[in-house]
Amino acid sequence: MKVLKIDHLGIAVNRIAEGKNFWTDVLGLKLEGTETIEEQKVTTAFLPVGESEVELLESTAPDGPIAKYLEKKGEGIQHIAFRVENLEAALDELKAKGIRLIDEKPRHGAGGAKIAFLHPKDTHGVLVELCER
Ligand code: ZN
């Protein structure tokens, strides 16, 4: 499998409207619009930084994965996303290496990407997303 770059850092915030201010007003990044992914119960906002992006994540429902994350850990880095050349092939390879997958098959992510998450128990505690655009 070929990992091309760090695609984005996923950061959980209580509300994008307030959570974005540090990134936009202090660091001067530009927010490129928001998108709600209903099946993941999340609204995302992307802020490009050079070759990568910051992805702010706000929950749309109290039982969504981001709501649960915020409840347990509070605001902060929730996942790291690596861009790969071929997501399905990467998942097959990881499975063969004994890495547990949260998503056995790619699913729809923000910005038209195909994404899949790996199980943090097999990544030393880091929630890793792989994505293909
Ligand atoms: Zn992400």
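Values for this structure:
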read-out: First in segment 1-27 and closer than 17 Å to Gln40 by Cβ, second anywhere and of a type in the set (A, V, I, L, M) and assigned to a helix (DSSP H, G or I), Cβ under 6 Å, 6 or more apart; value: Ala12/Ile66; Ala12/Leu70
read-out: Qualifying positions in segment 19-40 - open to solvent by 70 Å² or more (accessible area, probe 1.4 Å) and either of a type in the set (Lys, Arg) or part of a loop (DSSP other than H, G, I, E, B) (or both); value: Leu27, Lys30, Glu32
read-out: Near pairs, Cβ below 7 angstrom, 6+ apart or cross-chain, from segment 45-71 (at pLDDT 95 or above and of a type in the set (Asp, Glu)) to any residue that is open to solvent by 10 Å² or more (accessible area, probe 1.4 Å) and assigned to a loop (DSSP other than H, G, I, E, B); value: Glu58/Arg15
read-out: Matching residues, segment 1-34, being modelled with pLDDT of 95 or more and in contact with a helix residue (DSSP H, G or I) (Cβ under 6 Å, 6 or more places away or on another chain); value: Ala12, Val13, Leu29, Leu31
read-out: Within segment 90-102, tally of residues that are among the small types (Gly, Ala, Ser) and touching a Lys or Arg at 6+ places or on another chain (Cβ under 9 Å); value: 1
read-out: Flag for Ile102 being open to solvent by 50 Å² or more (accessible area, probe 1.4 Å) and among the hydrophobic types (A, V, I, L, M, F, W, C); value: yes
read-out: Residue ID - nearest to the ligand (Cβ to nearest atom), chosen from residues in segment 44-69 that are part of a strand (DSSP E or B) and open to solvent by less than 20 Å² (accessible area, probe 1.4 Å); value: Glu55
read-out: Criterion (open to solvent by 20 Å² or more (accessible area, probe 1.4 Å), at pLDDT below 95 and assigned to a helix (DSSP H, G or I)) met by exactly one of Gly125, Gly111; value: Gly111
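The values are calculated or read from the model by the stated rules, or taken from the named source; none is laboratory data. Worth saying up front: this structure is predicted, and the values here are computed from it rather than measured. Every residue, glycine among them, receives a Cβ derived from its backbone with ideal geometry; neighbour counts consider all protein chains shown. Side chains included, ligands, DNA and RNA excluded: accessible areas come from the protein's heavy atoms. Shrake-Rupley method; radii C 1.70, N 1.55, O 1.52, S 1.80 Å.
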